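**Student:** Let me give you the structure first, and then I'll get to my questions.
The values are calculated or read from the model by the stated rules, or taken from the named source; none is laboratory data. Treat the numbers as computed from the prediction; the structure is a model and nothing was measured. Using ideal geometry, Cβ is built from the backbone for each residue, glycine included, and neighbour counts are taken over all protein chains shown.
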Amino acid sequence: MTIKAHKLKDHDFGDQWNQQVHHRWNYADMIADPHWRADWISFDGVVHHAASDRVYCGITSFAADIFKAFDRTTGTFIDLGFDAVVDQYDAKFHRSMQMDSAGEYLYTATALLHDVDRYYEAPGGGLFRHHLPTGRTEKLGIPLPHIYIQSIALDEARGRIYAMHFTPERLSAYDLATGETRDLGPISSGMAMAQGENVCLDNVGRAWVGWHVTRAWQAESGPEAHRLACFDPEADRIVYHKHGLPRRDGTTGHAKVEGLFNLGSELFASGDNGSLYRVDTDTGRGEYLGTPIADRPSRLTSLVMHCDGYAYGVVGRAGHCRLLRVDPRDGAYESGPPVVTAEGDELWQCHDVTITPDGVLFAAENDHPRRPGYLWEISLEQ
């Protein structure tokens, strides 16, 4: 397995995060510092476009420099001219990059880094359409004013884009034909962050997210507060299921959803230290399949299907990550070798993955406390 780390930015922040920034600085402090503003980035979303053999990258940036492509032929990053349509508060494409089946358009949406004290100053998350053959990006609009977008899901059959918003947490649907947005409703009352990393369609077009129970008559929401929900287009409403993902230790309660994955035949999910689940889409009940890394902190945010019939992703955390292969037919999984370059660079944590037809996994690294995130290239060939 060959591993490379591609650097868009290269700056050593040293121990500044722990000594000065962590739990101390606010948004204004981050944008005022030239290095944190311009040099600290995360790769939050990746999509491979087969026709151009480029990996399109959604990036977190306090400077709102958030849209690049990695050209596999030249091994270089390409700026996509997003500054022509960007607003200063468009801080990242979180998990909001969806390509149509023809490979012609890439739909994106912007998430936030600022706090609620700038709610009315910031216009809200924009929805964008990038024409892949020409490289032109147009802004379709702002689905919900002042509220930003963490993830989108493209429903080509119905001509709509579902958006998962924060903050506050809501679900919306944008009609591509009319340009109109429908606010579908809340998924949290603010007692806790309900959503995971993405919104995901199942095989009949239901849009799945996490939701959170309030229990306003209690001091705490309780161990079963995190649950699964979906917008059902046939019922034309959000179905708030009473179930969710069981805890890996078997105790009473639900684990918070982290990732949701349509692996072809069924819907899968992750949560509780990178544990893997199969989701019953009729009841919203998760079946625990196992925890690939159980003895130390871990996460599993993204899985992608390959033409060999397996799904691939990266598990781990804090610089100790491994390749993961999942068989969607029975939920069996296999942890692979550590994601480390020959020079000793370690993947800090993975936020999203995409795969090429020739079996190369690209992993988006995010939230590294000492340096900018890298785009990781992992060849599955031995």
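**Student:** Restricting to segment 284-309, and then to whatever is among the β-branched types (Val, Ile, Thr) and in a loop (DSSP other than H, G, I, E, B), can you tell me which residue is surrounded by the most Cβ atoms within 10 Å (Cβ to Cβ)?
**Tutor:** For segment 284-309, the residue satisfying everything is Thr301.
Table: residues versus (1) part of a loop (DSSP other than H, G, I, E, B); (2) under 26 Å from Ser298 (Cα atoms); (3) at pLDDT 95 or above.
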| site | (1), (2), (3) |
| --- | --- |
| Trp217 | yes, no, yes |
| Arg227 | no, yes, yes |
| Asp249 | yes, yes, yes |
| Thr252 | yes, yes, yes |
| Leu260 | no, yes, yes |
| Phe268 | no, yes, yes |
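**Student:** Do the conditions hold for Trp25, that is, is it surrounded by 15 or more Cβ atoms within 10 Å (Cβ to Cβ), out of contact with any Phe, Trp or Tyr (no Cβ under 7 Å at 6 or more places or on another chain) and not basic (Lys, Arg)?
**Tutor:** When the stated conditions are applied, Trp25 passes them.
**Student:** Taking the condition of being more than 24 Å from His351 (Cα to Cα) and either surrounded by 24 or more Cβ atoms within 10 Å (Cβ to Cβ) or touching a His at 6+ places or on another chain (Cβ under 7 Å) (or both), how many residues in segment 138-159 meet it?
**Tutor:** 2
**Student:** Are any residues in segment 31-46 surrounded by fewer than 24 Cβ atoms within 10 Å (Cβ to Cβ) and within 23 Å of Val85 (Cα to Cα), and if so, which ones?
**Tutor:** Ile31, Ala32, Pro34, Trp36, Arg37, Ala38, Asp39, Ser42
**Student:** One residue is enough: does segment 358-370 have a residue meeting the conditions assigned to a loop (DSSP other than H, G, I, E, B), within 19 Å of the chain's Cα centre (by Cα) and of a type in the set (D, E, K, R)?
**Tutor:** Yes, because at least one residue in segment 358-370 is assigned to a loop (DSSP other than H, G, I, E, B), within 19 Å of the chain's Cα centre (by Cα) and of a type in the set (D, E, K, R).
**Student:** What are the residue pairs meeting all of these: first residue in segment 181-197, first residue at positive phi, second residue at pLDDT 95 or above, Cβ atoms under 7 Å, and 6 or more apart or on different chains?
**Tutor:** Taking only residues 6 or more apart or on different chains, the pairs are Gly185/Arg170; Gly185/Leu171; Gly185/Ile238; Gly190/Pro168.
**Student:** Hey, another quick one. Only one of Trp376, Trp348 is assigned to a loop (DSSP other than H, G, I, E, B), at negative phi and modelled with pLDDT of 95 or more; which?
**Tutor:** Details: Trp376 fails: assigned to a loop (DSSP other than H, G, I, E, B).
Only one candidate qualifies: Trp348.
**Student:** Could you list, in sequence order, the residues of segment 32-84 that are under 13 Å from Leu132 (Cα atoms), among the hydroxyl-bearing types (Ser, Thr, Tyr) and assigned to a loop (DSSP other than H, G, I, E, B)?
**Tutor:** Ser52
**Student:** Filter segment 108-121 for residues that are touching a Phe, Trp or Tyr at 6+ places or on another chain (Cβ under 6 Å) and surrounded by 21 or more Cβ atoms within 10 Å (Cβ to Cβ); which is farthest from Ala50 (Cα to Cα)?
**Tutor:** Leu112
**Student:** Restricting attention to segment 310-351, and to residues there that are hydroxyl-bearing (Ser, Thr, Tyr) and without any contact (Cβ under 8 Å) to a residue 60 or more places away in the chain, which single residue is surrounded by the fewest Cβ atoms within 10 Å (Cβ to Cβ)?
**Tutor:** Ser335
**Student:** Still on this structure: Considering only segment 333-345, state which residues are assigned to a loop (DSSP other than H, G, I, E, B) and β-branched (Val, Ile, Thr). Write out each step before concluding.
**Tutor:** To start, the set of residues in segment 333-345 that are assigned to a loop (DSSP other than H, G, I, E, B) comprises 339, 341-345.
Once the filter is applied, which keeps residues that are assigned to a loop (DSSP other than H, G, I, E, B) and β-branched (Val, Ile, Thr), segment 333-345 yields Val339, Thr341.
**Student:** Looking only at segment 1-31, which residues are among the hydrophobic types (A, V, I, L, M, F, W, C) and either closer than 27 Å to Gly313 by Cβ or part of a strand (DSSP E or B) (or both)?
**Tutor:** Met1, Ile3, Ala5, Leu8, Trp17
**Student:** Follow-up question, since we're still on this one. Can you find, within segment 185-205, the residue that is farthest from Val353 (Cα to Cα) among those that are more than 17 Å from the chain's Cα centre (by Cα) and buried (at least 21 other Cβ atoms within 10 Å of the Cβ)?
**Tutor:** Ser188
**Student:** Being under 22 Å from Val116 (Cα atoms), touching a Lys or Arg at 6+ places or on another chain (Cβ under 8 Å) and surrounded by 21 or more Cβ atoms within 10 Å (Cβ to Cβ) is the requirement here; does Phe70 meet it?
**Tutor:** No: the conditions fail for Phe70.
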